[in-house]
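None of the figures in this text is laboratory data; all of them are computed from the coordinates on show. Here the structure is a predicted model, which means the values were calculated and not measured. Every residue, glycine as well, gets a Cβ built from its backbone with ideal geometry; the counts of neighbours run over all protein chains shown.
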Amino acid sequence: MMLLGVGMIFLMACQATPPVAPSPTLSPPSVPTLTPTLTATPDPRYPWLFGRGGHLLANSLTDKCLYRRGIRSIYPKESGGLRDVNPGGLWLGTSVGAYALLGVHDYSRAAAREYNLLATENALKFAIVHPYPERYNFCEMDTIMAFARVNQMAVRGVPLVWEQQLPEWVFELSMPQEAWQLLLQDHITQLVTRYAGRMDEWDVINEPLTEEGTFKETIWYQNVGPEYIELALRWAHAANPQAKLFINEFATENLNPKSDALYALAQDLLARGVPLHGIGFQMHLLEFNPPDPAQVAENFRRFNALGLEVAITEMDVRIWKPATPEKLEHEAEIYRNMLEACLAANCDTFIVWGVSDANTWIQYFYPDYEMPLLLDEDYQPKAAYWALWDVLQP
Ligand code: XIL
């Protein structure tokens, strides 16, 4: 359904806004020959995992990927956006999808103008990047990488291990724990190795905890084992020792049982020498129930005191319909407070979960809410945008 919808937007946008010739000052992105270093060796004891040449097919879909070539015809970046009012060099990110980057002119234009970092909204979700046991599909991902390159943006890899957006075949597997470990190790190694040097920050673990602060008994927890968090971090580190590795969570911005559990988890991992460098706070917030800035500051301080970075990784502030001028002002204040808390904790990354109110997961997941982002449905700056502008300017 969503793909169809996006496809239609793509077609409509193509008709409505013919592409403009790229600026002569920007050379088209190079399309490198990608040869992944394969560090996980297929194990003959588990033929069902690596059947028919397994890993070696990993690149074959990329070769047929036509999308990223379209990036060459995308408008060059304009200046004067939020990313340019940023003397501190904060990574100001947005999540993006490749279809919209290619097909919706206002979307790609705003993404490149306002942000200097892209987060992979869905391109690295297991079902998309690893759709068959023996096949990876880097098509959407490489399109995003090409867009980032043309527009001088960084890319942050999210997420490596999550219980959602998994392909059916993962649920159909019936195999010993060792084979599950090989499967997850291979998945992590393929992705992290492939983008090493171009994408060196990862949310390795996404959403491991319940509201009560216990571990979610996900498919990974049950089959790889309760040690899957530690193993995943170690495998990611082995695949790219330069990479900064994060655990990413939601509803952990205040002091509460879940953030206490996250703190205890981080403390335990660090005490045992597990490579963990930061904590991502998603911040999918509600306008009528914002976090308490004092608690957020205190919370960030305790993670900093462990030697960890903090980052705001998926911020949006959903407003119960209808959005009024008062609610939009309140939303702006919440954005301001969270950016200030982030900067006070020396964070270097602040990401919003979508380019504009016209392209947000809130439309589908929380239809009673609206206007969660910095730009409105017409890609015009909202009060929230100007609040961040104020905080960022010297
Ligand atoms: C969401 C995407 O925005 C949607 O397009 C997709 O259908 C579902 O996932 N927490 C996360 C993100 O870690 O990966 C989720 O992204 C939003 C909640």
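Points worth noting:
- Label-point gap, in nm, between Gln380 and Gln242 - each point 7 angstrom along Cα→Cβ: 4.4 nm
- Order by protection proxy (mean Cβ within 10 Å, highest first), peptides 363-373, 121-131: 121-131, 363-373
- Label zone at Gln152, where the point sits 7 Å out along the Cα-to-Cβ direction: segment 115-131 residues whose backbone N lies under 16 Å: 115-118
- Gained length - Arg198 relative to Met175, 0.36 nm times residue gap less alpha-carbon distance: 4.8 nm
- Gyration tensor (alpha-carbon) shape descriptor, segment 157-231, a/c threshold 1.5: oblate
- Spin-label model, Ala344/Leu166: points 7 Å from Cα along the beta carbon direction are separated by 3.9 nm.
- Under 10 Å, Cβ to Cβ, from Pro257 - net charge with Lys/Arg +1 and Asp/Glu -1: -2
- Counted by Cβ distance under 12 Å from Glu333, the other residues give a net charge of -4, where Lys and Arg count +1 and Asp and Glu count -1.
- Linear extension gain, Gln363 paired with Gln222, 0.36 nm per residue minus alpha-carbon span: 47.5 nm
- Expressed in Å, the radius of gyration and Dmax of the Cα atoms of segment 242-330 are 14.9, 50.
- Cα gyration tensor, segment 189-312 - rounded (a/c under 1.5), prolate or oblate: prolate
- Modelled label positions at Val85 and Asp292, each set 7 Å beyond Cα in the direction of Cβ, lie 3.1 nm from each other.
- Other residues lying with their Cβ under 13 Å from the Cβ of Pro131 contribute a combined charge of -1, Lys and Arg counting +1, Asp and Glu -1.
- For segment 106-118, the Karplus equation 6.51 cos²θ - 1.76 cosθ + 1.60, evaluated at θ = phi - 60°, returns couplings of 4, 5, 5, 5, 5, 4, 6, 6, 8, 10, 10, 8, 10 Hz by residue, with Gly and Pro reported as x.
- In terms of its alpha-carbon gyration tensor, segment 129-276 comes out oblate; a/c meets the 1.5 threshold, while b/c is at least as large as a/b.
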